[in-house]
1. If I ask for residues that are touching an Asp or Glu at 6+ places or on another chain (Cβ under 9 Å), under 26 Å from residue 170 (Cα atoms), assigned to a strand (DSSP E or B) and β-branched (Val, Ile, Thr), which ones from region 107-157 would you list?
2. Could you figure out which of (1) in contact with a helix residue (DSSP H, G or I) (Cβ under 6 Å, 6 or more places away or on another chain); (2) modelled with pLDDT under 95; (3) open to solvent by 30 Å² or more (accessible area, probe 1.4 Å) isn't true of residue 122?
3. When only residues in region 166-218 that are hydroxyl-bearing (Ser, Thr, Tyr) and over 34 Å from the mean Cα position of the chain (by Cα) count, which is farthest from residue 274 (Cα to Cα)?
4. Collect the residues in region 375-394 that are out of contact with any Phe, Trp or Tyr (no Cβ under 9 Å at 6 or more places or on another chain) and either assigned to a helix (DSSP H, G or I) or open to solvent by 40 Å² or more (accessible area, probe 1.4 Å) (or both), keeping them in residue-number order.
5. What residue, among those in region 398-448 that are of a type outside the set (A, V, I, L, M) and under 30 Å from the mean Cα position of the chain (by Cα), is modelled with the lowest pLDDT?
6. Can residue 241 be described as open to solvent by less than 10 Å² (accessible area, probe 1.4 Å) and either more than 17 Å from the chain's Cα centre (by Cα) or without any contact (Cβ under 8 Å) to a residue 12 or more places away in the chain (or both)?
7. Across region 139-188, what is the total count of residues that are without any contact (Cβ under 8 Å) to a residue 12 or more places away in the chain and buried (at least 23 other Cβ atoms within 10 Å of the Cβ)?
8. Mind counting the residues in region 22-52 that are surrounded by fewer than 15 Cβ atoms within 10 Å (Cβ to Cβ), more than 25 Å from residue 103 (Cβ to Cβ) and in contact (Cβ under 8 Å) with a residue 24 or more places away in the chain?
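The values are calculated or read from the model by the stated rules, or taken from the named source; none is laboratory data. Model, not experiment: these values are computed from the prediction. Counting neighbours? That spans all protein chains shown, and the Cβs are built from the backbone with ideal geometry, glycine included. Just the protein is used for accessible areas: all its heavy atoms, side chains included, with ligands, DNA and RNA removed. Shrake-Rupley method; radii C 1.70, N 1.55, O 1.52, S 1.80 Å.
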Amino acid sequence: MARKASLSGFPEWLPQERAVEQHVLDTLRRIFELHGFANIETRAVETVGQLLRKGEIDKEVYGLSRLAAEESAKNDPNALALHFDLTVPFARYVVENAGHLAFPFRRYQMQKVWRGERPQDGRFREFTQADIDVVGDGELPFRYDVELALVIAEALSALPIGDFRLRVNNRKLAEGFYLGLGLEDTAGVLRSIDKLEKIGAEKVAELLKTELGATDDQAAAALSLAHICTQDTSFVEQVRALGVTHPLMEEGLDELRQVIEAAVLRAPGKVVADLSIARGLDYYTGTVYETVLVGHESLGSICSGGRYESLASTGKKNYPGVGLSIGVTRLVSRMLAENTAVAARSVPSAVYVTLANDDSWNDAQDVAAALRSRGIACEVAAKAEKFGKQIKYADKRGIPFVWFTAEDGTHEVKDIRTGAQAPADPSIWSPAAEDLANMVGAPVPASV
């Protein structure tokens with residue numbers, strides 16, 4: 001893990017750690033593009049009115065102003081603030097560019113976001129998110145809810161993060177169940193159930209009774225629903241066994257069943273129906289997702305999202321969508337802390353081209369150009385020191401190969417890890433595939 005940040009909540013990785021983060025981003029980018037998602041980037045700032053229109057608490061939003069700005073600017077809905085996620089800016093982007101987009105529009109986005117949270121394990125004030133969404137014009141087939149669960153399961157499976165569980169629920173199921181119980185304030189019940197893992201069942205039951213007027217039986221039934229968790233579609237019968245009926249509940253049951261049926265076939269063991277998942281944001285209307293690392297559940301969700309019907313809206317037209325967001329910085333911080341992934345070296349360079357004398361610098365640049373033309377990253381020495389010193393420098397940089405050019409124009413390359421040295425031609429020589437790029441993977445166990 002990098003040294004402790006001098007400014008709490010704003011992590012800065014060392015080069016070898018940054019290589020791990022880049023590997024995560026490159027892997028996600030590759031998977032997303034294989035599934036046809038196009039990349040976009042939105043501005044870092046939005047108006048305060050835009051950011052807060054869906055009820056996100058303003059204490060977490062960083063305002064943006066000149067140092068000399070008036071204090072009253074914080075109450076101005078047209079004042080600027082840094083975005084706290086990528087979903088709200090994306091909704092604005094869709095509305096403003098609808099005439100130029102082909103729907104359903106599939107996008108992925110990887111950017112920094114800022115959130116005024118108390119820094120702790122896995123929580124930062126500045127962090128990178130990687131989002132995918134599909135948005136429709138007026139309507140969006142439910143099958144996209146199924147597809148996104150499978151794309152995320154594939155993407156996370158391609159990362160060296162260990163086992164994970166993508167936990168899926170459906171708000172229609174939960175809200176219909178609560179309505180069937182006679183609890184009208186479904187949003188309030190969802191907010192209480194969302195606290196289940198933090199405060200426990202007993203305190204949630206107390207909240208339901210004291211704040212929402214639930215009876216003992218209603219609170220017990222709501223908690224019974226939340227405790228259902230299966231890796232197959234057996235949750236359907238478990239819900240019906242609770243004896244509650246409502247058309248909205250049946251609609252949600254059917255939608256969640258479709259997600260889990262596909263996951264059993266295409267991502268076995270990775271996706272579960274977990275009816276405790278509620279998601280705190282009010283704009284979710286159907287499928288909701290949360291993802292945890294097995295054995296590291298206390299870290300919280302590393303990937304979450306859901307279905308929304310009117311987040312992107314002109315007032316006359318809605319652009320419904322479904323999306324998930326991966327907390328890249330949270331994920332990378334745990335990978336580094338647990339040493340589950342390391343970069344082979346701290347620099348991209350595979351070759352260090354030495355100088356026999358100061359007059360050989362241009363010839364060394366020719367060697368480097370020939371290597372780079374074939375995608376081999378390399379550096380050229382700045383001065384002609386003793387070869388031992390140049391080799392030592394390459395070793396310190398983590399560069400595996402050192403290139404030598406003799407006075408007669410012949411070349412040799414040395415693998416400084418093994419000491420092996422052999423003749424080489426800069427126009428055809430290439431390192432092994434595992435040395436060509438700065439590979440990221442599980443650490444190699446130390447030899448006994």
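1. 134
2. (3) is the only condition that residue 122 fails.
3. Quick first cut of region 166-218, residues hydroxyl-bearing (Ser, Thr, Tyr) only: 178, 186, 192, 210, 215.
Pick out the ones that are also over 34 Å from the mean Cα position of the chain (by Cα) and you get 210, 215.
Numbers: 210: 26, 215: 24 Å.
Restricting to residues being hydroxyl-bearing (Ser, Thr, Tyr) and over 34 Å from the mean Cα position of the chain (by Cα), the top hit is 210.
4. Residues of region 375-394 that are out of contact with any Phe, Trp or Tyr (no Cβ under 9 Å at 6 or more places or on another chain), as a first pass: 375, 377, 386, 388-389, 392.
Once the filter is applied, which keeps residues that are out of contact with any Phe, Trp or Tyr (no Cβ under 9 Å at 6 or more places or on another chain) and either assigned to a helix (DSSP H, G or I) or open to solvent by 40 Å² or more (accessible area, probe 1.4 Å) (or both), region 375-394 yields 375, 386, 388, 389, 392.
5. From region 398-448, those of a type outside the set (A, V, I, L, M) are 398, 400-401, 403-405, 407-412, 414-415, 417-419, 421, 423, 425-427, 429-431, 434-435, 438, 441, 443, 445, 447; that's our starting set.
Retained after the next criterion (residues that are under 30 Å from the mean Cα position of the chain (by Cα)): 398, 434-435, 438, 441, 443, 445.
Numbers: 398: 93, 434: 92, 435: 95, 438: 92, 441: 85, 443: 81, 445: 64.
Looking at the filtered set, the residue picked out is 445.
6. Details: open to solvent by less than 10 Å² (accessible area, probe 1.4 Å): no; either more than 17 Å from the chain's Cα centre (by Cα) or without any contact (Cβ under 8 Å) to a residue 12 or more places away in the chain (or both): yes.
So residue 241 fails the test.
7. Adding up the residues that qualify gives 0.
8. Step one: list which residues in region 22-52 are surrounded by fewer than 15 Cβ atoms within 10 Å (Cβ to Cβ), which gives 26, 30, 33-34, 36, 38-39, 41, 43, 49.
Pick out the ones that are also more than 25 Å from residue 103 (Cβ to Cβ) and you get 26, 49.
Okay, now just the ones that are also in contact (Cβ under 8 Å) with a residue 24 or more places away in the chain, so 49.
Of the residues in region 22-52, 1 are surrounded by fewer than 15 Cβ atoms within 10 Å (Cβ to Cβ), more than 25 Å from residue 103 (Cβ to Cβ) and in contact (Cβ under 8 Å) with a residue 24 or more places away in the chain.
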